[in-house]
1. Would you be able to say whether some residue in the stretch 322-334 is aliphatic (A, V, I, L, M), more than 16 Å from the ligand (Cβ to nearest atom) and either more than 20 Å from THR31 (Cβ to Cβ) or open to solvent by 10 Å² or more (accessible area, probe 1.4 Å) (or both)?
2. Can you pull out every residue in the stretch 118-142 that is farther than 17 Å from LEU63 by Cβ and surrounded by 20 or more Cβ atoms within 10 Å (Cβ to Cβ)?
3. Being open to solvent by 10 Å² or more (accessible area, probe 1.4 Å) and within 21 Å of HIS206 (Cα to Cα) is the filter here; which residues of the stretch 64-81 pass it?
4. Would you say LEU286 is assigned to a strand (DSSP E or B), away from the ligand (no atom under 16 Å from the Cβ), modelled with pLDDT of 95 or more and not aromatic (Phe, Trp, Tyr)?
5. Determine, yes or no, whether LEU244 is in contact with a Gly (Cβ under 7 Å, 6 or more places away or on another chain) and either modelled with pLDDT of 95 or more or in a helix (DSSP H, G or I) (or both).
6. Which ones in the stretch 203-228 are under 21 Å from PHE178 (Cα atoms), open to solvent by 10 Å² or more (accessible area, probe 1.4 Å) and more than 15 Å from the ligand (Cβ to nearest atom)?
7. Considering only strands (runs of 3 or more DSSP E) fully contained in the stretch 336-401, which possess at least 1 residues that are of a type in the set (S, T, N, Q) and at negative phi?
8. Quickly run through the stretch 289-318 and pick out the residues that are within 16 Å of the ligand (Cβ to nearest atom) and either among the acidic types (Asp, Glu) or surrounded by fewer than 22 Cβ atoms within 10 Å (Cβ to Cβ) (or both).
Amino acid sequence: MNERDTLKINGRGHLEIGGCDCVELAKEFGTPLYVFDEKYIRDMMRVYKNTIDTEYGGKGLVLYASKAFSCKAMYRIAAQEGIGVDVVSDGELYTAIAAGFLAEKIYMHGNNKLVRELEYAVSVKVGTIVVDSYSEADILDDIAAKAGIVQQVLIRINPGIEAHTHAYVQTARTDSKFGFSIADGTAEKITAHVLAKSHLKLKGYHCHIGSQIFEKQSFALAVNKTMDFISAMKAKLGFEADTLNMGGGFGIWYTDEDAKISVSGYAEYLKALISAVKAKAEELSLNLPYILIEPGRSIVGEAGITLYTAGAIKDIPGIKKYVAIDGGMFDNPRYALYQSKYTALLANRANDKCTEKVTIAGKCCESGDIIAVDVPMPEVKRGDIVAVLSTGAYNYSMASNYNRNFIPASVLAKDGNAQYIIKPQTYEDLVRNDVIPDYLK
Ligand code: LLP
């Protein structure tokens, strides 16, 4: 696990997060339970913000990519830390606004924003919308005209970088549903298209090369290609972009196959990106653009853990041992989707020696409902508290009510106190929108 004093094994041999004993948390709040370390989240936001302040004279903004974990408390924390957020749906936008987040500091993404979503964004005065199709530019221009405003926009471009990560989370290959390709000339065409709109104000470009990326060069390469494109647009269309949004994507530790980056170590990613921007601006005689980054996973991923209770244990001699927990793919679908790997330990016996490898399985009616395979463990018994680490990003946000299981509650732990930030669901929540039509009665 990452070196920090907020996630450790305490004197009772229990896992502790944010000063809270996980065994006590499991007793108080029940399992499954998502637990988030508030200090880690704030420290990560600060390290990015401080790097822009110190290395780039504050000429930029960190946006928390809220798709990683969206709830009112997260937007509150981002607001308190003086950063912006990115949203990708009206649902995320509604949550941010409901939390009192300043609309001006919200950037809205989406490859197919619905008319309803664009209208809502304009009505709440979202600061910037990242345009991702011709028809979206046309529709947004109309909506802005009707509202009597000029909407600030960026264009999502695709620099054609192959980042080393899972194919499903790569987004800037040439074959991608996202963005306008620089290589095939469509990025230039949409630039001219948007510049001609009287109710859109083009500020610059956005690109996002993928997620869970560790190579700093990938980001520098994307900067180089994007800055070359900015220079080309200046020469061809007389438009010099003043904003450059480089997206998110910094990798985190899930297992010891991944690099372990300390909180302060993440500054290096941003420094590499900033030096590429500075070098290119000088080479091409461009003004230094206002820069944005959109980290999601790296802010909240390692901040979160999930606590489960071990139930049925099934040993298939010579094949494998299954430890079934009270959660599953409904609270963490990432193994089912991406064969993601996780580290797990027994929160109630964290110092016990690992003597076997087990497969942690969920409780859904599906063989692929697995959380992690081949996890070293002491001999697990029914009732043990299993902690899965690095579940803060893309777990709750991708959870579902599959098999009508409850989406677990989330608590925020800090200095030995834990508070709900998302309450547990109830049976009533599960049937809230169910209707029995009259003819079935
Ligand atoms: N900005 C844009 C435009 C994005 O599409 C994403 C992630 C981010 C920022 C944040 O990237 P991050 O810093 O979190 O890597 N469900 C997948 C991850 C999908 C990421 C989608 N876009 C997973 O569980 O691994």
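The values are calculated or read from the model by the stated rules, or taken from the named source; none is laboratory data. Remember, predicted model here, so these are calculated numbers, not experimental data. Positions of Cβ are generated from backbone atoms using ideal geometry, with glycine treated the same way; all protein chains shown enter the neighbour counts. Accessible surface areas use protein heavy atoms only, side chains included; no ligands, DNA or RNA. Shrake-Rupley method; radii C 1.70, N 1.55, O 1.52, S 1.80 Å.
1. Let us first name the residues in the stretch 322-334 that are aliphatic (A, V, I, L, M), namely 323-325, 329.
Next, from what is left, pick out any that are more than 16 Å from the ligand (Cβ to nearest atom): 323-325.
Those still in the list that are either more than 20 Å from THR31 (Cβ to Cβ) or open to solvent by 10 Å² or more (accessible area, probe 1.4 Å) (or both) too: 324.
Checked against the condition, which is being aliphatic (A, V, I, L, M), more than 16 Å from the ligand (Cβ to nearest atom) and either more than 20 Å from THR31 (Cβ to Cβ) or open to solvent by 10 Å² or more (accessible area, probe 1.4 Å) (or both), the stretch 322-334 yields at least one hit.
2. LEU118, GLU136, ALA137, LEU140, ASP141
3. LYS67
4. Numbers: assigned to a strand (DSSP E or B): no; away from the ligand (no atom under 16 Å from the Cβ): yes; modelled with pLDDT of 95 or more: yes; not aromatic (Phe, Trp, Tyr): yes.
No: the conditions fail for LEU286.
5. Details: in contact with a Gly (Cβ under 7 Å, 6 or more places away or on another chain): yes; either modelled with pLDDT of 95 or more or in a helix (DSSP H, G or I) (or both): yes.
When the stated conditions are applied, LEU244 passes them.
6. Applying the first criterion (under 21 Å from PHE178 (Cα atoms)) to the stretch 203-228 yields 203-213, 218-228.
Subsequent filtering for residues that are open to solvent by 10 Å² or more (accessible area, probe 1.4 Å) retains 203, 208, 211-212, 218, 220-221, 224-225, 228.
Answer for the stretch 203-228, where residues must be under 21 Å from PHE178 (Cα atoms), open to solvent by 10 Å² or more (accessible area, probe 1.4 Å) and more than 15 Å from the ligand (Cβ to nearest atom): LYS203, ALA220, LEU221, ASN224, LYS225, ASP228.
7. Details: elements: 344-346, 356-361, 370-377, 385-389.
It comes to 356-361.
8. Across the stretch 289-318, the qualifying residues are ILE291, GLU294, GLU302.
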